[in-house]
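J.: Mind having a look at this structure? Questions to follow.
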Amino acid sequence: MPYSDSKELISFYNVENLFSPDPPPVHRLDPTNSGLRNWDQKRYDNKLFKIAHVFGLIQEKHGVLPMLIGLSEIQGQKPLDELAAMAPFDSNYGVVHYDSLDERGIDVALLYDKAKLQLLSSEPLTYFFEIADNNPANYDTTRDILHCRLQYEGRILNVFVLHLPSKREDDVNLPKRQYMLRELRKTVLQLTSGQNEAVVICGDFNENPDENYIKDLRYDDEKNEFLKNPFYDLFESRNFSTFHREDGLLFDQVVLSNNFFNSDFPLQYRAAEVFNPPQLASWDRKFEGRPFRTYAGTRYLGGYSDHFPIVVEWEKLISNYE
């Protein structure tokens, strides 16, 4: 089965609070639905334009749009539908999204190319966490993990999109991240070993690829590597998708099952990258090389996001008999 000249892409992008515009406040200090300052129609339209422009730049570089796009920090269905209707998507992409129980109302979503992929099923994986008062009626929640089962050229592709709990407040959410990944690992093990289906996990892990529990995700109970994380090597080479103070971080990652490294699967791993062209970087010399974000605290900057998108490139295999 020889290699073709064609390729396919998957991308993930934490888009930094893609929320519908707030209605005009009655009083100047009224709280807003978004929690953002002066988040009006003009700023919302600019944000949508910029996010769509990112994928136009990816298409310009690679010659093809990603056929799968994971997104995080989305609030509701409306921004997704409006984004998918814009160029370069032009309503050719399906949208999968569920409202989660996240306290800020932000969710993950998947866009997929309807000409290449058939959506078979989807579901949100919801997690509940007990609060320290030991009252079973009280619990904490976070963002769902989105699971989509798709068909590509007769093969099953399971895509999980996640945005794990943040590292705020001295990393109080670390046990939540660890628990969610342990549960996800069980699900993925069943798919890859029991059903031999391909798996992609993409998202904002809120942890770098070298953290032990992120590395543990890749191994089964016999310590065999059943998932591969190409972003580990990128991080070791000091490729970063976001920053916190002086620290470069690679929280955004795509993890792949071994199918993409076996010659009998129609998509073969070729390369991974942090997509960080100059257009997406800060104009401020003090923050050179960092993402051009939409807000810095309450100050509106008008940029794209506080994360760079990431891209994985697959080489598409074709049969001698095609």
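The values are calculated or read from the model by the stated rules, or taken from the named source; none is laboratory data. Keep in mind it's a predicted model, so treat the numbers as computed, not measured. Note: ideal-geometry Cβ built from the backbone for every residue, glycine included; neighbour counts use all protein chains shown.
J.: Has segment 253-265 got at least one residue that is closer than 17 Å to Asp204 by Cα, out of contact with any Pro (no Cβ under 8 Å at 6 or more places or on another chain) and loosely packed, with under 14 Cβ neighbours inside 10 Å?
T.: no
J.: So, in segment 168-177, exactly how many residues are more than 17 Å from the chain's Cα centre (by Cα) and either basic (Lys, Arg) or buried (at least 21 other Cβ atoms within 10 Å of the Cβ) (or both)?
T.: So the count comes out to 2.
J.: Name the residues in segment 84-110 that are in contact (Cβ under 8 Å) with a residue 24 or more places away in the chain and in contact with a helix residue (DSSP H, G or I) (Cβ under 6 Å, 6 or more places away or on another chain), would you?
T.: Met86, Pro88, Tyr93, His97, Ala109
J.: Closer than 23 Å to Ser166 by Cβ, at pLDDT 95 or above and of a type in the set (Val, Ile, Thr): is that true of Thr298 in this structure?
T.: no
J.: Could you tell me which of the residues Asn33, Asn14, Asn38, Asn46 is on the phi < 0 side of the Ramachandran plot, assigned to a loop (DSSP other than H, G, I, E, B) and in contact (Cβ under 8 Å) with a residue 12 or more places away in the chain?
T.: When all the criteria are applied, what remains is Asn33.
J.: Continuing with this model, one more query. Could you figure out which of (1) buried (at least 20 other Cβ atoms within 10 Å of the Cβ); (2) of a type in the set (Ser, Thr, Tyr); (3) more than 20 Å from Val312 (Cα to Cα) isn't true of Tyr139?
T.: (1)
J.: Mind checking which pairs have a first residue in segment 294-316 that is more than 19 Å from Ile201 (Cα to Cα) and a second that is in a loop (DSSP other than H, G, I, E, B) and of a type in the set (Lys, Arg), Cβ under 7 Å, 6 or more apart or different chains?
T.: Thr298/Arg37; Tyr300/Arg37; Leu301/Arg293; Gly303/Arg293; Ser305/Arg293; Asp306/Arg293
J.: Determine the pairs where a residue that is under 20 Å from Phe265 (Cβ atoms), located within segment 141-159, has a partner that is outside any strand (DSSP E or B) and among the charged types (D, E, K, R) with Cβ atoms under 6 Å apart, the partner being 6 or more residues away or on another chain.
T.: Close Cβ pairs (under 6 Å, with a partner that is outside any strand (DSSP E or B) and among the charged types (D, E, K, R)) amount to Ile156/Glu197; Asn158/Glu197.
J.: Could you give every pair whose Cβ atoms fall below 7 Å, whose first residue belongs to segment 232-243 and is more than 17 Å from Ile214 (Cα to Cα), and whose second residue is assigned to a loop (DSSP other than H, G, I, E, B) and basic (Lys, Arg), counting only separations of at least 6 or pairs across chains?
T.: Phe243/Arg290
J.: Something else about it: Could you list, in sequence order, all residues of segment 292-305 that are part of a strand (DSSP E or B) and basic (Lys, Arg)?
T.: Matches in segment 292-305: Arg299 only.
J.: With the checklist (1) outside any helix (DSSP H, G or I); (2) within 21 Å of Phe260 (Cα to Cα); (3) modelled with pLDDT of 95 or more in hand, flag the one item Arg185 doesn't pass.
T.: (1)
J.: Another question about this same structure. Can you list the strands (runs of 3 or more DSSP E) found entirely within segment 72-179 that contain at least 1 residues being more than 29 Å from Leu256 (Cβ to Cβ)?
T.: 128-130, 139-141
J.: Against the definition (under 20 Å from Ile69 (Cβ atoms), hydrophobic (A, V, I, L, M, F, W, C) and in contact with a Lys or Arg (Cβ under 9 Å, 6 or more places away or on another chain)), how does Val274 come out, yes or no?
T.: no
J.: Pick from segment 203-249 the residues that are at positive phi and buried (at least 19 other Cβ atoms within 10 Å of the Cβ): which of them is nearest to the chain's Cα centre (by Cα)?
T.: Once the filter is applied, the top-ranked residue is Gly203.
J.: OK, next. Tell me the residue from Leu83, Leu65, Leu162, Leu57 that is under 24 Å from Leu227 (Cα atoms), surrounded by 13 or more Cβ atoms within 10 Å (Cβ to Cβ) and aliphatic (A, V, I, L, M), please.
T.: Leu162 is the lone residue from the list that is under 24 Å from Leu227 (Cα atoms), surrounded by 13 or more Cβ atoms within 10 Å (Cβ to Cβ) and aliphatic (A, V, I, L, M).
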